[in-house]
């Protein structure tokens, strides 16, 4: 099922971040968001996730606007942002178990996710003892620990070494092969084949473009 947005605009503070933006993501495809810092990549991902309301335009699946059933929209996606959002006192397995079961994950998928993100053997380690790369891999492991057709990924390879980047690339490829969709905000080439690029600079207003009366 296709996920798309039409004529989207977003205001942050009093600054028009982007406007007139259209996109569509089909099953099995990946959309890469590019643009310099401040161009609106993270803002667009938050809009796509339903965490921020667009100032104009609408988001929809083929079966209707997300505003008609926001809870169903949230069940259809995983959003991995800049922050790893793990609980430092909980173990690797406990952190992933909480994330996964909120999305209907089961133990078999949790174990598979730990293996795919090279976290086997770390299951009982508290989150506070993980390196930055291990924390990032744990955050990304939620993608494989429960099913969701749409993945929204904000700079997913931050703090990752080359083998870990390869693992993420493989994870995304497997997701797409199974009919999943990915939207990835990044300023580096992840080596992912057959992607569509959306440059946020094409929809970014100048710093002088202020909307009066917007709070």
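The values are calculated or read from the model by the stated rules, or taken from the named source; none is laboratory data. Computed from a predicted structure; not experimentally measured. Don't worry about glycine lacking a Cβ; one is built from the backbone with ideal geometry, like all the others, and counts go over all protein chains shown.
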**Request:** Only residues that are under 14 Å from the mean Cα position of the chain (by Cα) and within 19 Å of residue 190 (Cβ to Cβ): list them for segment 35-60, please.
**Result:** 41, 42, 44, 45, 48
**Item:** residue 119, sole failed condition from (1) surrounded by fewer than 15 Cβ atoms within 10 Å (Cβ to Cβ); (2) within 22 Å of residue 165 (Cα to Cα)
**Value:** (1)
**Complete:** Going through (1) buried (at least 18 other Cβ atoms within 10 Å of the Cβ); (2) in contact (Cβ under 8 Å) with a residue 24 or more places away in the chain; (3) farther than 26 Å from residue 188 by Cβ one by one, residue 7 fails only at (1)
**Request:** Only residues that are closer than 30 Å to residue 6 by Cβ and over 18 Å from the mean Cα position of the chain (by Cα): list them for segment 61-103, please.
**Result:** 62, 63, 64, 65, 67, 68, 69
**Message:** I'm told residue 163 meets every condition in (1) over 16 Å from the mean Cα position of the chain (by Cα); (2) under 29 Å from residue 6 (Cα atoms) except one. Can you identify the failing condition by its number?
**Reply:** (2)
**Prompt:** Only one residue in 198, 152 is closer than 19 Å to residue 74 by Cβ, at pLDDT 90 or above, touching a strand residue (DSSP E or B) at 6+ places or on another chain (Cβ under 6 Å) and surrounded by 13 or more Cβ atoms within 10 Å (Cβ to Cβ). Which one?
**Reply:** 152
**Asked** Is at least one residue of segment 28-42 in contact (Cβ under 8 Å) with a residue 60 or more places away in the chain and in a helix (DSSP H, G or I)?
**Response** yes
**Prompt:** Is there a residue being surrounded by 12 or more Cβ atoms within 10 Å (Cβ to Cβ), out of contact with any strand residue (DSSP E or B) (no Cβ under 7 Å at 6 or more places or on another chain) and either within 21 Å of residue 165 (Cβ to Cβ) or not assigned by TED's automatic domain parsing to the domain that holds residue 140 (or both) anywhere in segment 96-108?
**Reply:** yes
